[in-house]
Structures are given as structure tokens and as C-alpha cells.
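Engineer: Would you mind keeping the following structure in view while I ask a few things?
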Amino acid sequence: MSLNTDFPIGVFDSGVGGLTVLKALTHKFPHENFLYLGDTARLPYGSKSPQTIRKYTQQALSFLIERKVKALVIACNSASSQFPEKEYRGICVETVIEPGSLMALKATQNNRIGVLGTRATVQSHAYEKVLKQLSEEQGHTQGLEVFSEAAPLFVPLAEEGWSDDPITNLIAFRYVQPLVQKQVDTIILGCTHYPILQASIQKAAGASITLIDSGQAVAESLQAKFDSGIIPLRPSTSSERHIQLLSTDLSSQFEMLSRQILAPAIPSGFEFVEI
Ligand code: DGL
């Protein structure tokens, strides 16, 4: 399939969480077009079965491919944990798990890494597997310890935009304490909704724990794919870029949060779609 440089990068999440990844991408690639799909009608994914999550993910990716994209980013950990493929229908696929794991391995000093995620992500053990595999590839055959906690209440709090609220702080404390007790020095925010609550999570973890937000990590990984020519780069002399946001249940809350999260980037338009 010939890929036009003007084709957008398709970014997919169950809701607004993936916008934290999109924000990092819009910043890193100022000339690229983006097409974001939030499957808000079927959110949350994190409490669903692996089979359902994989089916929804394939539907969303197929939908984006029909709209002509030059690369796909699964900006949802729950979906990424059920979709290890690096390619779908001839289009390259980037997920959040490997880039976030690489960043965590770089950050940890004591080899004790915590993962906060949805139930689906935690039960898939995707982070443990990838972290151990990458650590072995880097020659560290022993010593890495990974501790995971499911934090399902974070998703509705993020969708509400309760980013630094006393209730969020209390819930964050409850989820993060078990990881603090395991003496982790790095926590992967293993759900793209969680960076929206970063202030509360950092308060609960304490300043000495490094939080890993996969948005930045995904941007680095995509850069490598542009550099090696796997994804064609849109020239800097191109006309103004577009950031189009699609959702399966358009609401004023989605629009409001999208504008807030993406700032200073400005969405070009919103569209309701059925996938
Ligand atoms: N943003 C999704 C993730 O990264 C979680 C939200 C959901 O449960 O749908 O896993």
C-alpha cells in the first residue's frame, strides 16, 4: 500500500486517556496530521474480557485504516495488552507497553518497578513480560522485580477531569501505598487515563518515585520509525496540519476535556462516528 505523507497518524483509545499520548505526539511532530478515535460509547475497556477488548481494538484499527492513516498508535494499555502485533493490515502499529517499559528500565535505580493499570492490563501480565524480556535483552538477567496494582477507579475520575481533587488524592493514596511499601522507585502509569491524575498520584507516591508517562516514550519510539523510513515524514513546508477527533459517543464533556488536555494544540474538528 502506498502511504501518502499527508495521511494522518491514527491514534486510538477507549476514551480521553489516549489524548495524553496524542498531546506528546502533536508536540514532538508539529507538521504531522492526526486522526484520534475515542471509543467513548464502549468505555471502559479495562473491566472487559481479553476477547472483547481484542475485538473492539480490531474494529477501531480497521475503522482508522479505512479512513486512510499512515501509522497506528494504540494509546490504550488495556487494548495494547491484547494486541502484541507490530502491524495490522499492512499498517505499522505502535503500542504503549514497550516504549513505557523501556523508559522505566532507564529510570529505575533499584530494579523495583511498580505498574498501575486497569484490571485487564494487570491480569494480562503484559508489563511484567515485556519488562523482563527487555531487561534480559539488555543483559540484566536477574534482580528485576515488578509489582502491579489495578486502579480501576482512576478511569472515571479522569473522565470527570478530577485531576487534583481531595477525593482523587484519597483514592490515589489507597492504590499507590502497596507499591510504596514494596519500595519501588519507579511507577509506570500503565493506563493512558492516569497522567490526567498525575498530581494526585505523585503526591501519594512521594517526590522520590519517578512516574512514567508513556506519551513521551511513544513519541520517541515513533521518531525512530520516521528516522528509519518505516513511516513517511510529512515535510515541514506542508500546509497547516489537522488534528481531527472522532468519538463513538460525542458529548460536550469529551470536547471540553479534549481541548483542555491537548492545549496548546488545537483540535481542528470533532466528529461522531459509528465503528
Ligand atoms: N485508557 C485505557 C488504558 O490505557 C483505560 C480506560 C478503560 O478502561 O477503558 O488502559
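The values are calculated or read from the model by the stated rules, or taken from the named source; none is laboratory data. Since this is a predicted model, take the numbers as computed values, not measurements. All Cβ positions, glycine included, derive from the backbone under ideal geometry; neighbour counts span all protein chains shown.
Engineer: Given the residues Leu64, Leu3, which is the only one that is buried (at least 23 other Cβ atoms within 10 Å of the Cβ) and among the aliphatic types (A, V, I, L, M)?
Structural biologist: One residue alone meets the criteria, Leu64.
Table: residues versus (1) without any contact (Cβ under 8 Å) to a residue 60 or more places away in the chain; (2) farther than 27 Å from Arg42 by Cα; (3) not polar (S, T, N, Q).
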| residue | (1), (2), (3) |
| --- | --- |
| Trp162 | yes, no, yes |
| Leu170 | yes, yes, yes |
| Phe173 | yes, yes, yes |
| Thr186 | no, yes, no |
| Ile196 | no, no, yes |
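Engineer: Restricting to segment 199-222, what's the tally of residues that are at pLDDT 95 or above, under 23 Å from Gln123 (Cα atoms) and part of a helix (DSSP H, G or I)?
Structural biologist: 3
Engineer: Right, something else. Looking for something part of a helix (DSSP H, G or I), out of contact with any Gly (no Cβ under 9 Å at 6 or more places or on another chain) and either modelled with pLDDT of 95 or more or not hydrophobic (A, V, I, L, M, F, W, C) (or both) - is there at least one such residue anywhere in segment 144-153?
Structural biologist: no
Engineer: Here is a further query. Return the residue satisfying two criteria in turn: it lies in segment 42-58 and is within 9 Å of the ligand (Cβ to nearest atom) and touching an Asp or Glu at 6+ places or on another chain (Cβ under 8 Å), and of such residues it is farthest from Phe270 (Cα to Cα).
Structural biologist: Among them, the one singled out is Tyr45.
Engineer: Scan (1) in contact with a helix residue (DSSP H, G or I) (Cβ under 8 Å, 6 or more places away or on another chain); (2) within 16 Å of the ligand (Cβ to nearest atom) for the single condition Tyr88 breaks and write down its number.
Structural biologist: So Tyr88 meets the others, but not (2).
Engineer: Quick one: how many residues across segment 133-171 are more than 26 Å from Lys48 (Cβ to Cβ) and not aliphatic (A, V, I, L, M)?
Structural biologist: Residues in segment 133-171 being more than 26 Å from Lys48 (Cβ to Cβ) and not aliphatic (A, V, I, L, M): 14 in total.
Engineer: Restricting to segment 157-193, name every residue that is part of a helix (DSSP H, G or I) and either of a type in the set (S, T, N, Q) or within 14 Å of the ligand (Cβ to nearest atom) (or both).
Structural biologist: Leu157, Ala158, Glu159, Glu160, Thr168, Asn169, Gln177, Gln181
Engineer: Another question, if that's okay. Could you check how many residues of segment 1-41 are more than 20 Å from Glu66 (Cβ to Cβ), touching a Gly at 6+ places or on another chain (Cβ under 7 Å) and away from the ligand (no atom under 16 Å from the Cβ)?
Structural biologist: Count: 0.
One line per residue, one yes/no per condition, for (1) within 11 Å of the ligand (Cβ to nearest atom); (2) part of a helix (DSSP H, G or I); (3) in contact with a strand residue (DSSP E or B) (Cβ under 6 Å, 6 or more places away or on another chain); (4) at pLDDT below 95:
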{"residue": "Ala60", "(1), (2), (3), (4)": "no, yes, yes, no"}
{"residue": "Pro84", "(1), (2), (3), (4)": "no, no, no, yes"}
{"residue": "Leu105", "(1), (2), (3), (4)": "no, yes, no, no"}
{"residue": "Ser135", "(1), (2), (3), (4)": "no, yes, no, yes"}
{"residue": "Gln142", "(1), (2), (3), (4)": "no, no, no, yes"}
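Engineer: Just to be sure before I move on: is Ala75 small (Gly, Ala, Ser), touching a residue at least 24 places away in the same chain (Cβ under 8 Å) and out of contact with any Asp or Glu (no Cβ under 7 Å at 6 or more places or on another chain) in the structure I sent?
Structural biologist: Taking the combined requirement at face value, the residue does not satisfy it.
Engineer: If I ask for residues that are surrounded by fewer than 17 Cβ atoms within 10 Å (Cβ to Cβ), charged (D, E, K, R) and out of contact with any Cys (no Cβ under 7 Å at 6 or more places or on another chain), which ones from segment 217-272 would you list?
Structural biologist: Result: Glu220, Asp227, Glu240, Asp249, Glu255, Arg259, Glu271.
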